[in-house]
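This report refers to the structure that appears directly beneath it.
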Ligand code: ZN
Ligand code: ZN
């Protein structure tokens, strides 16, 4: 069997609209494509709906879908994925939330959110508040809470205890000048009683921690200095730690992940990829792209599948800056030269996990362009890599759930439909097959 290594590059939030300041081009169309065009010359393109047409994906759901995981049976919330990416070790069954220290003002019996980042409280001060909460609000009933301070206002909450279900809503209203929300059971919850228990203790914890934070010495000091107090913990993305089948078990490919942002490192870890740490890779515009490409190049010699993630495209989209986004894509194109000598020998896909139009500043349900190339592939005649050209490319319109099938086929690892070399229903030829003993 041939061994063609595969490189999946995800430029977060790549898809976009066209803008006057880019001569009515999209950021991708306006970017330099010196190296992309070399890949394109032995490839094809198309459009992808990461989840389904018109559904704006979150980054974690889009990635899991693209990597071949079933969101209805193999997705247990964002909290644990992000916590894993931050290097927090979670045990099976532990509940995790992403959280932010924020500022509220009490009006009657409501707590109105004034700032969702507590005036961008520095990391050191967040750590002090985290220590206070871990001491004074460690238990609610018999359930144990652990807060982990991350950078600036960011934190993670871990809840331990029996008979809880993560199927609850956020207390974070995701907006300002609106009240902190009651944590409730999700309507579609499979384990309603257990979810109700978690919602109850989360609400108790929210109120208790607000009282503790309000009286905290550090907040008194901040107020005196004219700064916003960090007097609430807003949480979202409830999830439970569950072990997923590994990427290797699913697809028969030894995989490595390279990313700067915690969520993407978490996705790689959650699916059992080897995470390759690159110094200076931070998920921001000044990330170490060179280091990431060099790491990808080395990994292509040791792994069957390499996942390389770049976040800054989405960062510029949320900021509403199409020029910045386009310049970052040009920078990406420039660094593709690092793997240029591999172009002909590897299979490659460049795509996004969703469209984030700069004029909307949020993820949209529009499809993303996909560029593929492989040593043996049906090429198309599209001119540049672009949202518009992709709509006439020979790959057509695919879904995120098609990606891994296409990948396995591109690297010639698929088995014909109906072939059963293994008791497990798989789409690839496994490396270990059970031989018949003849003596
Ligand atoms: Zn994303
Ligand atoms: Zn985004």
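The values are calculated or read from the model by the stated rules, or taken from the named source; none is laboratory data. In this text the structure is predicted, and so the values were computed from the model without any measurement. FYI the Cβ positions are ideal-geometry reconstructions off the backbone, even for glycines, and counts take in every protein chain you see.
For the range 74-108, filtered to residues that are more than 24 Å from residue 309 (Cβ to Cβ) and outside any strand (DSSP E or B), the residue that is farthest from ligand 2 (Cβ to nearest atom) is 108. Among the residues making up the range 262-316, a single one is touching a strand residue (DSSP E or B) at 6+ places or on another chain (Cβ under 7 Å), outside any helix (DSSP H, G or I), within 16 Å of ligand 2 (Cβ to nearest atom) and under 25 Å from residue 241 (Cβ atoms): 309. How many residues does the range 35-59 contain that are within 16 Å of ligand 2 (Cβ to nearest atom) and buried (at least 24 other Cβ atoms within 10 Å of the Cβ)? Number satisfying all stated conditions: 3. When you look at residue 13, is it within 16 Å of ligand 2 (Cβ to nearest atom) and either modelled with pLDDT of 95 or more or surrounded by fewer than 23 Cβ atoms within 10 Å (Cβ to Cβ) (or both), yes or no? Answer is yes for this residue. Scanning the range 66-78 for residues that are in contact with a strand residue (DSSP E or B) (Cβ under 8 Å, 6 or more places away or on another chain) and under 20 Å from residue 404 (Cα atoms) yields a count of 2.
So residue 32 fits all but one of (1) surrounded by fewer than 22 Cβ atoms within 10 Å (Cβ to Cβ); (2) modelled with pLDDT under 95; what number is the exception? Status for residue 32: all satisfied but (2). Any chance the range 8-16 includes a residue that's under 20 Å from residue 255 (Cα atoms) and free of Cβ contacts under 8 Å to residues at least 60 places away in the same chain? No: zero hits.
Just one of 64, 22, 8 is crowded, with 21+ Cβ neighbours inside 10 Å and more than 16 Å from ligand 2 (Cβ to nearest atom); which is it? Only one candidate qualifies: 8. Screening 375, 369 for residues that are in a strand (DSSP E or B) and touching a strand residue (DSSP E or B) at 6+ places or on another chain (Cβ under 8 Å) leaves exactly one candidate, 369. Part of a loop (DSSP other than H, G, I, E, B) and more than 16 Å from ligand 1 (Cβ to nearest atom), is that true of residue 54? The answer is yes for residue 54.
Entry remark, the range 117-150: residues being touching a residue at least 12 places away in the same chain (Cβ under 8 Å) and either surrounded by fewer than 12 Cβ atoms within 10 Å (Cβ to Cβ) or not in a helix (DSSP H, G or I) (or both) number 18 in total. Which of the residues spanning the range 5-43 are in contact with a strand residue (DSSP E or B) (Cβ under 6 Å, 6 or more places away or on another chain), more than 16 Å from ligand 1 (Cβ to nearest atom) and either assigned to a strand (DSSP E or B) or not assigned by TED's automatic domain parsing to the domain that holds residue 317 (or both)? Of everything in the range 5-43, those that are in contact with a strand residue (DSSP E or B) (Cβ under 6 Å, 6 or more places away or on another chain), more than 16 Å from ligand 1 (Cβ to nearest atom) and either assigned to a strand (DSSP E or B) or not assigned by TED's automatic domain parsing to the domain that holds residue 317 (or both) turn out to be 6, 7, 43.
The combined condition, being farther than 25 Å from residue 35 by Cα and either outside the structural domain of residue 340 (by TED's automatic domain parsing) or within 22 Å of the chain's Cα centre (by Cα) (or both), is fulfilled by residue 429.
Residues in the range 71-81 that are in contact (Cβ under 8 Å) with a residue 40 or more places away in the chain and either within 13 Å of ligand 1 (Cβ to nearest atom) or on the phi < 0 side of the Ramachandran plot (or both): 74, 76, 78, 79, 80, 81.
Every condition in (1) more than 23 Å from residue 98 (Cα to Cα); (2) at pLDDT 95 or above; (3) more than 16 Å from ligand 1 (Cβ to nearest atom); (4) in a loop (DSSP other than H, G, I, E, B) holds for residue 358 except the one numbered (3).
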